[in-house]
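For reference, the structure discussed in these notes is given below.
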Amino acid sequence: QAVEVLQRLDVIDCDEPHQAEVVLVGELNPDGDLDYPVDELLFEMVDQRCLAVAGLIGPEFGLLPIAPIEATWEQLGGRFQCVAVSVSGSDTTGSVTAGG
């Protein structure tokens, strides 16, 4: 499983052409009292939460889980994101979520 650390994301309005959209943001450690998990458990936790929103996006999109790094585990509550990404690499406008 490839792991890459994201340093920055450019935020644009959904009315502008885009290839990806954050569809879920959550916290795995909201109280800041859990130890940082091993990679396998961490990605399993994020994958499970992302799968919960998979039915909200069309088949032309895949889901990319973004897991927290250890440095932000306590400070940001273990914040994770689920990003819908265009499978073909084509731009879209508007929300990728059904009814969104």
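Laboratory data are not the source of any read-out in this text; all were calculated from the coordinates shown. Since the structure is predicted, the reported quantities are computational estimates derived from the model, not experimental observations. Neighbour counts are summed over all protein chains in view; Cβ atoms, including those assigned to glycine, are modelled from backbone coordinates with ideal geometry.
Structural remarks
- Filtered by the rule that a residue be without any contact (Cβ under 8 Å) to a residue 24 or more places away in the chain and under 14 Å from Glu70 (Cβ atoms), region 6-38 gives Asp35, Pro37, Val38.
- Taking each residue of region 39-52 that is touching a residue at least 12 places away in the same chain (Cβ under 8 Å) and looking for partners that are loosely packed, with under 14 Cβ neighbours inside 10 Å and not hydroxyl-bearing (Ser, Thr, Tyr) with beta-carbon atoms closer than 8 Å, six or more apart or interchain, yields Asp39/Gln1; Asp39/Val3; Phe43/Gln1.
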